[in-house]
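Heads up, the thing below is written out as structure tokens.
The values are calculated or read from the model by the stated rules, or taken from the named source; none is laboratory data. These numbers come from a predicted model, not from an experiment. Please note: Cβ atoms are built from the backbone with ideal geometry, for glycine as well, and neighbour counts cover all protein chains shown. Just the protein is used for accessible areas: all its heavy atoms, side chains included, with ligands, DNA and RNA removed. Shrake-Rupley method; radii C 1.70, N 1.55, O 1.52, S 1.80 Å.
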Amino acid sequence: MSTKDTSKQSSFFLEGEGDAWFKRNKAAIENKTEFFDTETIKRVLGPFKSDINNICEIGCGYGAKLNDLCIHFGAAGYGVDPSAAAVQSGNEKYNNISLSLSTASNLPYSEAQFDLVIFGFCLCMVDRSEVFKSISEADRILRNGGFLAVADFDPSLRHKRPYHHLPGLYSYKNAYSQFFTAGGHYYLVAKESFSHSSSHFVTESDERLSISILYKEPDAY
């Protein structure tokens, strides 16, 4: 029987796995000059550039993607990540963004503070006891008429996989944009499929990623 309490996945990231992830992936991120998900956001939301003044990324790492988006949109940027090392590195490296140590289920921001909120490949690691709270938190900080971007795995059927780097934890693969669109309060503006190794749709379900861009209806009725 595992000694890990899977109802507290966020605590394991805050207590060390977030820093370990950052250490494993920092070099690969720094060597990339552009990212498919952020380039899609720029293209799709280009016509609304003047409306996007405040951006929040949940699961921002050290803020490379967030910084790039803020430069493009001329916006102020805020982000949260469970890695203290990533947060410190980003705050030291970038002048126009402000990063905080936190998780998706506990966002240190005001109601309707942002014009664009981004889930940066983190919902798959949110514990199932906290996933609806995380969704509620993102909705709380996004203004009516704002945009939500969800980047994550996109399998044909939801399932969980053991998290290879820390036994007892799981990666939960699901079509996360549907959590928002199912009730009619969010409209799917665009969705692009890709994978870790390509910028196009792949036939292998378990390798599929997607970036979904949603509009928060000012009046869903």
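Tabulated data
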item	result
Accessible area of region 86-221 divided out per residue, in Å², using a probe of 1.4 angstrom	49
Carbon and sulfur %, accessible surface of region 4-155 computed with the full protein complex present, 1.4 Å	48
Over region 138-221, equivalent-ellipsoid semi-axes from the Cα gyration tensor in Å	27, 16, 11
Within region 21-53, trypsin sites (Lys or Arg not before Pro) in DSSP loop having at most 14 other beta-carbon neighbours inside 10 Å	32
Cα lying deepest toward the dipole's positive end in region 1-140, options 13, 100, 33, charges on Cβ	33
In region 103-143, the GluC sites (Glu not before Pro) that fall in loop regions by DSSP, at most 13 other Cβ within 10 Å	111
Loop GluC sites (Glu not before Pro), region 1-100 (other Cβ atoms within 10 Å of the site Cβ: 11 or fewer; DSSP)	34
Centre separation in Å (Cα based) which lies between region 75-91 and region 93-109	5
16 Å tail of the calculated P(r), region 90-152, as % of Cα pairs	50
Measure of compaction for the chain (Cα Rg per 2.2 N^0.38 Å)	0.96
Sorted largest first, extent of region 34-124 alpha carbons per principal axis (Å)	35, 29, 27
Full-extension gain in nm, residue 49 to residue 132, via 0.36 nm per residue minus C-alpha separation	26.9 nm
Full-stretch length increase - residue 199, residue 20 - with 0.36 nm per residue and alpha-carbon distance subtracted	61.8 nm
